[in-house]
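First up is the structure itself, then whatever we jot down about it.
The values are calculated or read from the model by the stated rules, or taken from the named source; none is laboratory data. Computed from a predicted model, the values in this text were never measured in an experiment. Because the Cβ atoms are built from the backbone with ideal geometry, glycine has one as well, and the counts that use them run over all protein chains shown. Each accessible area value is taken on the protein alone, full model and side chains, heavy atoms only, with ligands, DNA and RNA left out. Shrake-Rupley method; radii C 1.70, N 1.55, O 1.52, S 1.80 Å.
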Amino acid sequence: MAKIKTLRSASDKSISHRAAMLSSIAKHEIIIRNYLFAEDTVNTIRALENLGVNIEIRNSDIIVNPVGKYSFKEPQDILDMGNSGTGIRLLSGLLSGFEFLSILKGDDSLKSRPMMRIIEPLSKMGAKIMYRQGGYAPLVIYGKSNLNGIRYESKIASAQVKSAILFAGLYSDGDVCVKEPIKSRNHTENMFRYLGIDIEENNTEVCLGKNREIYGDCEINVPADISSSAFFVILSILSDDVEIVLKDVCLNETRSGILHILSQCGANYEIDNKRVENNELVGDLIVKHTKELKPFVIDKDILPSLIDEIPILSILGIFCDGVSIIKDASELRKKESDRIKAICSNLSAVGVKTEEFEDGFKIYGKPNHTIRKTKINTYNDHRIAMSFTVLSAAKGVDLALSENQSIKTSYPGFFDHLNYIIS
Ligand code: S3P
């Protein structure tokens, strides 16, 4: 009989970034419970401290003593956002409202990720932004205290673009609206509403309302990250000797596309204890081994709601009975690594047939696929490293990783959790 293990995976990265940044411009203290202490979100804390915010760490919580909406101080040094696209893009939104100089830099991966997508709208709002040729970080920002309004129609479904504009919109009296082709994750909208900022959501368009001040004097509880929980969801489906209960997972509809794919595959899972916490849907996921898995299709409509889960869903695809297809996904080439290339090259290395396109790939799955022992190139991408570690653990095949330090950017406790599950 399968053993039952219970786990609360790492806290949500998207919600942690937003909670820390928005608490910093509130009028009164905000306590953030279960903050994610990973490299990306600790870099956000450091950047906010460099802007004059006092942040106290107490066990798994942080207490933000805000400086008020207009009180960031010019940073004395360059703000290092490390590996984090969310960190640099969202903070650029806030800094666009301040008339001082800030410079934001990142690691080699972040330096190669496109920034024009935020530079263009933030510049239209009145911020002066300098950047490396082609639109790459470091970014040099000199903001404007009363930014212009904007009605922005984004070509891509990106919560980072939408949030950068909405964060900047807090420093504007004008109309601020963002429309996207497909709705991206709406944590910013949920948190704005929770903190008392007026915001209207109309299908794929969001507009700021009149109140753009945060009072504070409240708590935000960060749930477990569905993107981190996903590694153990797939481990449980693929291993025949463990059933996993994943506690307090954020099940926000704009994030939980993976559940629709699990249903498409016929995977064995249940949701329990559903509730709403600070405007986010939260629940426990109970996942069991599934013998027969159907192949899946991921297209543009579902993509934004599972964009970070493609690496681990590709591991699931290996064992589906047929060809799984991921299409309309060129954004994957602009993540922490070129994920289409990273996934396809590593799947080939372990002996799985794939077909790569510019905007997606096919995985030729087989229920009893044998996995070749080899070395995995993680491309310094945390999600590639964790996905192939799950494959190795589920099938008992030794797969050496080129590195595993990248995992600390989002899930420092990953190996401890894995050891607990497989012990
Ligand atoms: C995020 C949005 C997504 C996602 C990233 C986190 C966020 O990026 O891939 O890991 O917190 O807003 P895009 O907005 O570039 O799609």
Check every one of the strands (runs of 3 or more DSSP E) wholly within the stretch 108-168 and list those with 2 or more residues that are hydrophobic (A, V, I, L, M, F, W, C). 128-132, 136-142
For Asn59, indicate whether it is free of Cβ contacts under 8 Å to residues at least 24 places away in the same chain and more than 14 Å from the ligand (Cβ to nearest atom). yes
How many of the residues making up the stretch 21-42 are under 15 Å from the mean Cα position of the chain (by Cα) and either surrounded by fewer than 24 Cβ atoms within 10 Å (Cβ to Cβ) or assigned to a helix (DSSP H, G or I) (or both)? 5
Would you say Ser184 is touching a Pro at 6+ places or on another chain (Cβ under 9 Å), open to solvent by less than 30 Å² (accessible area, probe 1.4 Å) and without any contact (Cβ under 8 Å) to a residue 40 or more places away in the chain? no
Given the criteria in the same structural domain as Val297 (by TED's automatic domain parsing), under 23 Å from Ala393 (Cα atoms) and exposed (fewer than 15 other Cβ atoms within 10 Å of the Cβ), does Pro367 qualify? yes
When Lys155 is run through (1) within 16 Å of the ligand (Cβ to nearest atom); (2) surrounded by fewer than 16 Cβ atoms within 10 Å (Cβ to Cβ); (3) more than 23 Å from Lys128 (Cα to Cα), the failure sits at (3)
Quick one: is Ile271 closer than 23 Å to Met1 by Cα and either in contact (Cβ under 8 Å) with a residue 12 or more places away in the chain or buried (at least 21 other Cβ atoms within 10 Å of the Cβ) (or both)? yes
So Ser71 fits all but one of (1) open to solvent by less than 40 Å² (accessible area, probe 1.4 Å); (2) out of contact with any strand residue (DSSP E or B) (no Cβ under 9 Å at 6 or more places or on another chain); (3) in a loop (DSSP other than H, G, I, E, B); (4) within 26 Å of Met130 (Cβ to Cβ); what number is the exception? (1)
